[in-house]
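To keep things clear, I will list the structure first and then write my remarks on it.
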Amino acid sequence: MTKIDHSKATLDSAHSHGVVPDVSRAARKTSFDVEDLPVPTGREEDWRFTPVSSLRSFFEDTPADGHVRWVVDQLPAGVSLTEVDPEEAQGLSVRAPGDRVSALAAKHTGAAMVLDIAPSVEVAQPVEIGIKGTGDNVRGQFLIEVGARASATVILDYQGSAKCGEFVSVDVADGASLTLVVVQECDQKSVHLAEWVIRLGRGSKLHSSTATLGGALVRMNTSVAFAGEDSRADLFGVYFANSGQHIEHRTFIDHESPRCRSRVTYKGALAGETARTVWVGDVLIRAEAEGTDTYEVNRNLLLTDGTRADSVPNLEIETGEIEGAGHASATGRFDDEQMFYLQSRGISEHEARRLVVRGFFADVIQEMGVPRIERDLLRTIEARLEDVDD
Amino acid sequence: MSTSPGGTPLTQDEAIASIGTYAYGWHDSDAAGLSAERGLSEDVVRRISALKDEPEWMLARRLKGLDLFRKKPMPPWGADLSGIDFDTIKYFVRSTEKQATSWDDLPEDIRNTYDRLGIPEAEKQRLVAGVAAQYESEVVYHQIRDDLEEKGVIFLDTDTGLREHPEIFEEYFGSVIPVGDNKFAALNTAVWSGGSFIYVPPGVSVDIPLQAYFRINTENMGQFERTLIIADEDSYVHYVEGCTAPVYSTDSLHSAVVEIIVKKNARVRYTTVQNWSTNVYNLVTKRATAGEGATMEWIDGNIGSKVTMKYPAIYLLGEHARGETLSVAFAGEGQHQDAGAKMVHAAPHTSSSIVSKSVSRGGGRTSYRGLVQILEGAHGSRSNVLCDALLVDQISRSDTYPYVDVREDDVSMGHEATVSKLSEDQLFYLMSRGIEEKEAMAMIVRGFIEPIARELPMEYALELNRLIELQMEGAVG
């Protein structure tokens with residue numbers, strides 16, 4: 001590997017050719033070899049918002065001191081949960097890890113879990129899995145395989161206090177349909193860095209909802225690749241950050257096949273000193289992805305002073321033959337007019353705030369498709385709001 | 001006389017033959033005096049400073065710029081700049097030894113250039129208040145209307161500004177954009193030459209736009225102009241910068257720094273329509289500070305160049321300051337327009353608006369890259385960002401990278417972007433009315449950028465429309 005000395009950039013012409021920026025989001029390095037993914041400094045595009053200095057142990061190539069535990073009541077017919085060794089997991093993954101933490105998670109996972117839904121099976125009952133972690137250096141990889149023309153709802157419920165790096169591969173085969181619900185309510189001290197890589201086959205469907213509420217530092221880095229044409233992906237996200245929390249969501253929708261449709265809608269609320277959220281939504285429409293239809297929305301509601309919300313919807317488009325592409329991002333406080341209207345109807349300020357927040361999140365929460373979880377989530381958010389009022 | 005520094009005679013016919021469809025693609029024979037040396041060294045920097053007879057502090061600043069330029073890495077984001085070879089660029093070219101005071105004093109070939117740009121006509125029609133014509137790195141012609149001088153308005157080229165108003169200069173030079181702000185700002189600080197220096201005294205409103213015309217005319221020559229505008233309290237000025245450059249076969253670098261200080265309740269509008277030839281790397285740092293109740297407006301058109309990286313910034317430092325950026329970018333074959341805007345809200349009740357429109361065709365790439373930052377304490381601030389991109393064919397590219405960072409709760413920030421292809425319905429409708437496809441496409445594009453074109457001075461709006469038509473040629477079929 002050549003090292004470039006920029007101090008000589010003007011003195012030696014060979015050195016003035018040092019840096020060529022990535023041509024598109026797809027050009028970022030992916031590898032199972034940890035050596036290919038150096039320890040980030042915090043200046044890299046994909047780490048610039050993350051407090052990397054507090055994550056040193058996550059980047060060290062050391063064996064894990066613990067693994068995540070999967071808690072499953074019972075599995076419906078056609079659904080199986082098995083363990084595979086890291087090598088086999090590597091072969092099954094839809095692509096290699098895109099950052100050092102997930103590469104280390106794959107390397108030191110011990111056994112990787114594989115949730116398999118057999119082809120053509122329609123699983124009526126949601127498959128519910130509790131994921132619990134404890135330990136200061138937990139690494140894990142798991143895989144979800146949805147067979148051709150199968151359909152299922154998978155609920156992942158994260159709990160525990162672990163400092164955990166995780167690599168998740170999801171393969172939705174041709175004609176299959178996956179509804180994915182990820183609820184993250186870890187302890188306030190936990191740190192969770194996860195990379196999700198999802199591949200959608202031809203004519204397949206993904207409906208994914210993520211609720212991130214717990215943890216001191218959570219980073220969910222999700223990539224969805226349209227490997228076949230005529231597929232559809234809907235990604236919804238809800239997050240709530242209080243004092244001392246850093247909640248970061250990154251999504252990357254790679255339109256590499258024609259006539260696919262994607263919608264990304266993330267909404268977050270922030271309350272309390274140092275509450276911090278980051279949302280980076282990348283969309284790439286490749287030259288061959290004619291007929292693409294994509295839209296992304298991020299909204300942030302600032303409930304108190306001292307919070308910080310970053311919102312970056314990036315769009316890269318390599319063809320003009322598209323149905324449409326767009327994004328919208330808005331960050332602001334309570335709508336004074338709405339508050340005034342409600343209060344003028346005799347509703348107390350406290351109650352008005354509750355209603356406005358409920359209204360803000362309602363459309364995204366309703367998309368989860370599992371009534372019990374929707375109810376729990378609204379309750380949790382309202383409880384968090386009560387804390388703010390004090 | 002008609003020999004370029006490389007020793008190859010370049011006739012006007014040859015130059016014209018190499019031009020293609022570029023609108024202003026002629027060039028005069030290369031008569032530049034001090035243009036022989038390529039590459040950058042401490043010696044070159046010292047010589048530039050000595051030739052200009054500069055004060056010691058400016059030389060020190062230049063040397064610091066050189067040091068920081070060498071230390072700073074190339075930006076790892078944005079456009080591909082690997083084609084720039086800093087060793088083959090000329091960092092200082094002087095075309096005549098002293099400044100001319102009337103058109104007749106100018107050398108004939110330089111006068112020809114300006115005649116073709118239509119400056120004397122513009123003068124006659126009193127469309128311009130003063131013309132600082134930058135020719136090959138140094139201002140050679142300068143004229144300012146008497147009434148402006150009477151009002152105390154200073155409008156000079158930057159070299160003269162430093163000589164005649166050292167006290168204003170030392171106070172403000174580098175105060176908005178520090179030496180080491182970025183690699184190219186450091187380079188500019190080391191080798192700057194020319195540019196405009198404007199001071200508008202308190203309460204003075206300059207009611208006609210101040211204009212400057214720029215040209216690059218020496219092969220491989222860098223243009224590093226430095227512009228400093230100070231609008232004192234309650235004043236107003238509109239500055240118009242236009243760039244045209246002839247076509248050459250090797251890559252060329254333009255790296256300007258523009259600093260603007262808008263004081264309390266003052267307003268500055270800065271308009272650029274950039275039409276560098278398609279071999280120029282246009283890497284420009286533009287930044288303004290706006291005090292209490294002040295308004296800063298950037299109107300930014302990017303039509304030419306091979307690569308442009310330019311993100312005019314406004315730091316809203318006083319309460320109720322307002323910032324506005326309107327930008328339009330057009331990328332044709334082989335072009336990458338990486339342009340955008342930056343708004344930093346650092347005081348309460350500040351507001352900003354960014355409207356960006358871009359058109360890509362023929363494999364060209366436009367990128368909107370922006371940052372809106374609302375810092376702690378900037379309560380009651382509002383910002384709105386709108387990006388629209390139009391893709392004319394299947395092979396072109398459009399990107400949007402809008403960074404938003406909000407650190408205050410009592411604010412409102414919105415961003416929206418849409419990317420669309422040229423509507424076949426609109427095209428069909430226009431063609432069914434008997435309008436040819438080529439003209440119909442040009443009409444749609446003109447309609448798309450109209451919200452920005454109407455903010456331009458009339459002659460610029462006309463030029464923009466003409467440039468768009470030229471750019472759209474060959475877009476059909």
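The values are calculated or read from the model by the stated rules, or taken from the named source; none is laboratory data. Worth saying up front: this structure is predicted, and the values here are computed from it rather than measured. Please note: Cβ atoms are built from the backbone with ideal geometry, for glycine as well, and neighbour counts cover all protein chains shown.
Pairs linking a residue in the range B:34-53 that is exposed (fewer than 14 other Cβ atoms within 10 Å of the Cβ) to a residue that is at pLDDT 90 or above and part of a helix (DSSP H, G or I), with Cβ atoms under 7 Å and 6 or more positions apart or on different chains, are B:Glu42/B:Leu63; B:Glu42/B:Leu66. Taking the criterion of being surrounded by fewer than 18 Cβ atoms within 10 Å (Cβ to Cβ) and of a type outside the set (D, E, K, R), the residues of the range A:369-387 that qualify are A:Gly369, A:Val370, A:Pro371, A:Leu378, A:Thr380, A:Ala383.
Tell me the residue from B:Ser412, B:Ser396, B:Ser420 that is at the interface with chain A (Cβ under 7 Å from one of its Cβ atoms) and under 28 Å from A:Ser243 (Cβ atoms), please.
Every option except B:Ser412 fails the conditions.
Given (1) at the interface with chain A (Cβ under 7 Å from one of its Cβ atoms); (2) out of contact with any Ser or Thr (no Cβ under 6 Å at 6 or more places or on another chain), where does B:His379 come up short, assuming only one miss? All conditions are met except number (1).
Of the residues A:Thr222, A:Thr294, which is more than 17 Å from the chain's Cα centre (by Cα) and either assigned to a strand (DSSP E or B) or outside the structural domain of A:Thr30 (by TED's automatic domain parsing) (or both)? Testing whether each residue is more than 17 Å from the chain's Cα centre (by Cα) and either assigned to a strand (DSSP E or B) or outside the structural domain of A:Thr30 (by TED's automatic domain parsing) (or both) leaves just A:Thr294. Scanning the range B:49-73 for residues that are modelled with pLDDT under 90 and of a type in the set (A, V, I, L, M) turns up just one, B:Leu51.
A single member of A:Glu229, A:Glu248 is of a type outside the set (A, V, I, L, M, F, W, C), within 30 Å of A:Ala176 (Cα to Cα), more than 10 Å from every other protein chain (Cβ to nearest Cβ) and assigned to a loop (DSSP other than H, G, I, E, B), and it is A:Glu229.
Filtered by the rule that a residue be hydrophobic (A, V, I, L, M, F, W, C) and touching a helix residue (DSSP H, G or I) at 6+ places or on another chain (Cβ under 9 Å), the range A:230-246 gives A:Phe236, A:Val238, A:Phe240.
Restricting attention to the range B:383-393, the residues that are more than 8 Å from chain A (Cβ to nearest Cβ), crowded, with 24+ Cβ neighbours inside 10 Å and of a type in the set (A, V, I, L, M) total 2.
Quick one: in the range B:402-459, of everything that is hydroxyl-bearing (Ser, Thr, Tyr) and surrounded by fewer than 20 Cβ atoms within 10 Å (Cβ to Cβ), which residue is nearest to B:Ala346 (Cα to Cα)?
B:Ser412
Scanning the range A:77-94 for residues that are in a loop (DSSP other than H, G, I, E, B) and loosely packed, with under 15 Cβ neighbours inside 10 Å yields a count of 2.
Here's the yes/no breakdown for (1) in the same structural domain as A:Thr50 (by TED's automatic domain parsing); (2) buried (at least 21 other Cβ atoms within 10 Å of the Cβ); (3) farther than 30 Å from A:Cys260 by Cα:
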residue: A:Asn298; (1), (2), (3): yes, yes, no
residue: A:Thr307; (1), (2), (3): yes, yes, yes
residue: A:Ile317; (1), (2), (3): yes, yes, no
residue: A:Glu321; (1), (2), (3): yes, no, no
residue: A:Ala325; (1), (2), (3): yes, yes, no
residue: A:Arg358; (1), (2), (3): no, no, yes
residue: A:Val364; (1), (2), (3): no, yes, no
residue: A:Glu367; (1), (2), (3): no, no, no
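Condition check for A:Ala289 on (1) closer than 17 Å to B:Thr400 by Cα; (2) of a type in the set (A, V, I, L, M, F, W, C); (3) more than 7 Å from chain B (Cβ to nearest Cβ); (4) in contact with an Asp or Glu (Cβ under 9 Å, 6 or more places away or on another chain): one failure, at (1).
Within the range A:223-256, the only residue that satisfies the criterion of being closer than 20 Å to A:Gly175 by Cα and of a type in the set (Lys, Arg) is A:Arg232. State which residue is farthest from the other protein chains (Cβ to nearest Cβ) when the search covers only the range B:68-86 and only residues that are crowded, with 17+ Cβ neighbours inside 10 Å and in a helix (DSSP H, G or I). Per the stated criteria, the residue is B:Leu68.
Matching residues to (1) among the β-branched types (Val, Ile, Thr); (2) touching a residue at least 60 places away in the same chain (Cβ under 8 Å):
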position	(1), (2)
A:His67	no, yes
A:Val94	yes, yes
A:His108	no, no
A:Val127	yes, no
A:Glu145	no, no
A:Ala150	no, yes
A:Leu156	no, no
A:Ser161	no, no
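Go through (1) farther than 22 Å from A:Val183 by Cα; (2) more than 9 Å from chain B (Cβ to nearest Cβ) for A:Asn242 and report which single condition fails. Among (1) farther than 22 Å from A:Val183 by Cα; (2) more than 9 Å from chain B (Cβ to nearest Cβ), the lone unmet condition for A:Asn242 is (1).
Only one entry of B:Ser305, B:Ser352, B:Ser327 meets the criterion of being among the hydroxyl-bearing types (Ser, Thr, Tyr), within 30 Å of B:Glu233 (Cβ to Cβ), surrounded by 24 or more Cβ atoms within 10 Å (Cβ to Cβ) and under 18 Å from the mean Cα position of the chain (by Cα), and that entry is B:Ser327. With respect to (1) at pLDDT 90 or above; (2) more than 30 Å from A:Ala241 (Cβ to Cβ); (3) within 14 Å of another protein chain (Cβ to nearest Cβ), the lone exception for B:Gly370 is condition (2).
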